[in-house]
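Worksheet for the structure shown next.
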Amino acid sequence: LQGEDNIEHLCLACTNLYQALDEGNMLGKRFKRRNVLLKTLYKLVDIDSDPLSLKLAKIILAMKVDGKNLLSVCKLAFKICRNKENDFIVQNDTLLDYLLQVLWNEDLQTNNEALVYCMAALKFMSEKDRLLYKMVSKGAVEMFLELMKQINNIKEHDTYFYKLGHLLVQLTATLRVLADCALARRRLSDSGAIAELCVALEQRSSDKDVCICIVRVLSKLSTYNDFCAALADCSRCYILFLALLNKYQKQQDLVIHIIFILGNLTAKNDQSREQFFQEKESVNTLISLFQTYYELDLNAPTGHHDRKGNKHLKYPSEAEDVLIKLIRVLANLSIHPRVGAALAVAHPVTGLLVTVLEYKSVDACEELVINAATTINNLSYYQVKNSAVQDKKLHIAELLLKLLMSDNMDAVVEAVRVFGNLSQHHEIRDFIMQKKIYKFMIALLDSKNREVCFPACGVLLNLTVDENKRAFLMEDGGIGKLVDCLQDFGPADWQLSCLICKTLWNYSESMTSAASCFGGDTNTLLMLLTALLDEEVELECSLDRDIKDCQRVYWEREFKPVAEKLLDRIQSHHS
């Protein structure tokens, strides 16, 4: 019976048999010789040919079998779908319909094991685009969530509770595949998937495998705004995530997904930042995780060698990845004024961020170092009593110097931003002069890039507060570069133009003549200020009505007063 021809004949015979049973209205349990037929079909399964088994499985499922027969046919369907070589025959057949019927009709408690295999087969099917769309259009998403609801209704003291864990693993693994498909996501959203997933996560918190599958789904869905909002509305989600982080601290794949979700929840939503922060032990949990993964990273090998002895680095390493995402959560939290002010005085938080800058170079892990600098920058914004950043400001300045000297422009800009906040303190201004960092800030004005010029100019402005430091602007063509910036950005950026004018205003406070103060740049500066103070000029900057109104207010309130004062001062000292 094993020959290819024989198999082909048998497949054809199965197709004919199925048609005859269907036309004779003998599918299901109505057929008198049903038992004899089923025995024969199960014997043919032993031939072990997947194309034939597929035909047999369809007939057996169409006969509405139950009990052991149902379990064995679901195992058969799973075996067929699992084998990638069968993709073509599975995609061009209707096995999907029968498996969905099993899922919809069979009793959860009596046929739990059969449903596990049925769901596992559907998971493999969902990985094929053609079947995925077919599945969604046949209402599979709604079926899966209905099944999850039924599982969620079975409580822990019930004898079936633990048995259903395997089914939940297959079900949520399938939902993770569906989460990549826009059509399926719409159905998930309409069916309230987030709330059910949170219920399941809470009930199954002691089942690590189920938890990992659920957080993978939530992690994917939380990258979309509507799902993120739905998750934020589940008031217990923060308590739940914190409990799981404490319970499975060293379970890296679970931790990384939860931290990623928390990063998404706190990225744009001030209420989420506050809610998370107010949960008991929330920051301590993050600190404890930080400690764990920092130590793991310190003790990790710096790379592995292949057979030829070549060294390979996985970038970033798993421990680094957790730290990157952890710091992102801290950076997000620190944007909220009350939370940020509280974090600024939490010495362990700043301590860990400083540790990152001490032990990691930008080349070793760019994202980790830049995220740490960003968070220090956010925290340095808060001028509060007992601020940990202010306490460590000189040590932080030393570490930032390393970043300034790197070839990485993103790292440079982040370091300049922190110097912008820290240079409000005279010790840091002295440090900047002593280490000649101001020369670097002047050089950055040539970048023609607003993201670089703005923070660099902020540092220069702070330096001109000290009368004894102002002469530095004469070095390295500092004045000329500021005037060039004013010319380049002008009406397109009133904030930056305002910073430049304030810097020049401080610098020229005790001037005796325009020529000795501004040298060859005097006339250009006079012309520029006159042009920028023209009532009509600020209207050219943007076509967007709201932006235009906003810019006009800024021009009127911020730029105009300082530019007028500067223009008057230059004109009165200009011969």
Top positive-direction residue, dipole computed over region 1-125 with Cβ charges, set Ile89, Pro51, Val73: Val73
Fraction of accessible area attributable to carbon and sulfur, region 409-505 (%, probe 1.4 Å): 49 percent
Ranked by how many other beta carbons lie within 10 Å on average, peptides 274-280, 318-324, 361-367, 503-509 from highest: 318-324, 503-509, 361-367, 274-280
Cβ charges +1 (Lys, Arg) and -1 (Asp, Glu), total dipole of region 139-233, debye: 240 debye
Label-point gap, in nm, between Val553 and Asn246 - each point 7 angstrom along Cα→Cβ: 4.5 nm
Cα centroid separation - region 318-343 against region 113-141, whole Å: 38 Å
Using θ = phi - 60° and Karplus 6.51 cos²θ - 1.76 cosθ + 1.60, couplings along region 34-49 (whole Hz; Gly, Pro as x): 4, 5, 4, 4, 4, 4, 5, 4, 5, 5, 5, 4, 4, 4, 6, 10
Only Lys, Arg (+1) and Asp, Glu (-1) charged, at Cβ; the chain dipole about Cα centre in debye: 2160 debye
Residue-normalised accessible area of region 468-575, expressed per residue, 1.4 Å probe, Å²: 50 Å²
Vicinal HN-Hα couplings computed from phi for region 139-149 (Karplus, 6.51 cos²θ - 1.76 cosθ + 1.60; Hz; Gly/Pro x): x, 4, 4, 5, 4, 4, 6, 5, 4, 4, 4
Whole-number D in µm²/s for region 439-554 (Stokes-Einstein; Kirkwood sum over Cα pairs; 20 °C, 1.002 mPa s): 145 µm²/s
Solvent exposure ordering (accessible area, 1.4 Å, most first) of Glu8, Glu196: Glu8, Glu196
Proximal aspartates and glutamates to Lys435, defined as alpha-carbon separation beneath 16 angstrom and excluding residues fewer than eight positions away on the same chain: Glu398, Glu427, Glu475, Asp476
Net charge contributed by nearby residues that have their C-beta within less than 15 Å of Lys481 (K/R +1, D/E -1): -3
Probe 1.4 Å, accessible area per residue of region 1-125, Å²: 54 Å²
Largest-first ellipsoid semi-axes for region 325-448, taking √(5λ) over the Cα gyration tensor eigenvalues, angstrom: 22, 17, 13
Global form of region 1-111, assessed from the alpha-carbon gyration tensor, a/c cut-off 1.5: oblate
Tensor-based shape of region 57-152 (alpha-carbon gyration tensor, a/c under 1.5 rounded, otherwise prolate or oblate): oblate
Of Lys55/Lys75; Lys360/Lys448; Lys43/Lys123; Lys155/Lys208; Lys247/Lys280, pairs whose Cα-Cα distance is over 21 Å: Lys360/Lys448; Lys43/Lys123
Carbon and sulfur %, accessible surface of region 139-233 computed with the full protein complex present, 1.4 Å: 48 percent
Rg ratio (alpha-carbon, reference 2.2 N^0.38 Å) - region 139-233: 1.01
Diffusion constant of the chain at 4 °C, which comes from Stokes-Einstein with the Kirkwood Cα-pair radius and 1.567 mPa s, µm²/s: 45 µm²/s
Gap separating the Cα centres of region 418-465 and region 556-570, nearest whole Å: 22 Å
Dipole magnitude (debye, nearest 20) for region 1-111, charges at Cβ of Lys, Arg, Asp, Glu: 620 debye
Per-residue HN-Hα couplings for region 514-521 [Karplus 6.51, -1.76, 1.60; θ = phi - 60°; Hz; x = Gly/Pro]: 4, 5, 6, 8, 10, x, x, 8
Solvent-accessible area, 1.4 Å probe, carbon plus sulfur percent, for region 1-125: 52 percent
Listed residue (Ala200, His166, Phe144) projecting farthest to the positive dipole end of region 144-225, Cβ model: Phe144
Accessible area (Å², per residue) of region 139-233, counting only protein heavy atoms and a probe of 1.4 Å: 40 Å²
Pairs beyond 26 Å (Cα-Cα), from Lys39/Lys138; Lys469/Lys502; Lys469/Lys565; Lys39/Lys134: Lys39/Lys138; Lys39/Lys134
List Thr464, Thr524, ordered by accessible area with a 1.4 Å probe, largest first: Thr524, Thr464
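The values are calculated or read from the model by the stated rules, or taken from the named source; none is laboratory data. Everything numeric in this text was worked out from a predicted model, so none of it was measured. FYI the Cβ positions are ideal-geometry reconstructions off the backbone, even for glycines, and counts take in every protein chain you see. Surface areas here come from the heavy atoms of the whole protein model, side chains and all, with no ligands, DNA or RNA. Shrake-Rupley method; radii C 1.70, N 1.55, O 1.52, S 1.80 Å.
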